[in-house]
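Heads up: the structure comes next, in structure tokens.
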């Protein structure tokens, strides 16, 4: 089945540690996105990538880093510089970067800092 | 300035009734797109329906329809014959064009929690 997978579903981190969230898609989509959702809030864009080896900062990129070495993979690293990383993280993809394309989402990773 | 406004934090509806979820937006871009997503308690975001700013007719997808009033800048979601499984958070989102990079960006509202009562 085609889709977007995210792992792990739940992640616990100690303060000061970096953690990496996985996002994989087999939809052959060019564009991929990372969003953060806080309780009772909408989604905010962290990073996005339009093609392999290219990515841009979104609205809240500070304390996060990404890579896009393969078309199907767009991992997100939450660094120790992120002051309040506890949140729900959603990865999305779209066919291309063009404006008429719908973004489809993965199941999400819930990160908790202990 | 908030670009997507969902004024209903929560709504309670009886099963089989129709329900309208409100969404107003603000943009100066003549070309834009409006999306509705459903987020059940599991957390995944499920795409429901899309309306382009130049579309002549209101979008429909099964039991979902979008009441698009361009002059009022509103894009309300209508769910007909509601079901227990419709209980979830619903988010309205607007696609913004990022001119320099040429990429699209979605801006989300705060969401409306819909509860369907049996």
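Shielding value for A:42-55 is 3, the average number of Cβ atoms from other chains within 10 Å of each residue's Cβ. With the gyration tensor restricted to C-alpha atoms of segment A:1-102, the semi-axes of the equivalent ellipsoid amount to 22, 14, 13 Å, longest first. Expressed as a fraction of 2.2 N^0.38 Å, the C-alpha radius of gyration for segment A:44-108 is 1.12. In chain B, one over the average inverse separation of all distinct C-alpha pairs is 14.6 Å, which is the Kirkwood hydrodynamic radius.
Per-residue mean of foreign Cβ neighbours for B:33-43 is 3 (Cβ atoms of other chains, 10 Å radius).
Per the Kirkwood formula applied to alpha carbons, the protein assembly as shown shows a radius of gyration over Rh ratio, Rg over Rh, of 0.97. Note on segment A:25-63 and segment B:64-90: Cα centroid distance 26 Å, given to the nearest whole angstrom. Sorting B:33-40, A:79-86 by average packing, meaning the other beta carbons within 10 Å per residue, from highest down gives B:33-40, A:79-86. The mean count of C-beta atoms from other chains within 10 Å of the C-beta of residues in A:57-63, rounded to a whole number, is 1. Computed over segment B:1-87, relative contact order equals 32 percent, with contacts defined as Cα pairs under 8 Å that lie 6+ residues apart.
Each value in this text was obtained by applying a stated rule to the coordinates, not by laboratory testing. Every value quoted in this text rests on a predicted model; they were computed, and no experiment measured them. Here Cβ is always computed from backbone atoms with ideal geometry, including for glycine, and neighbour counts include all displayed protein chains.
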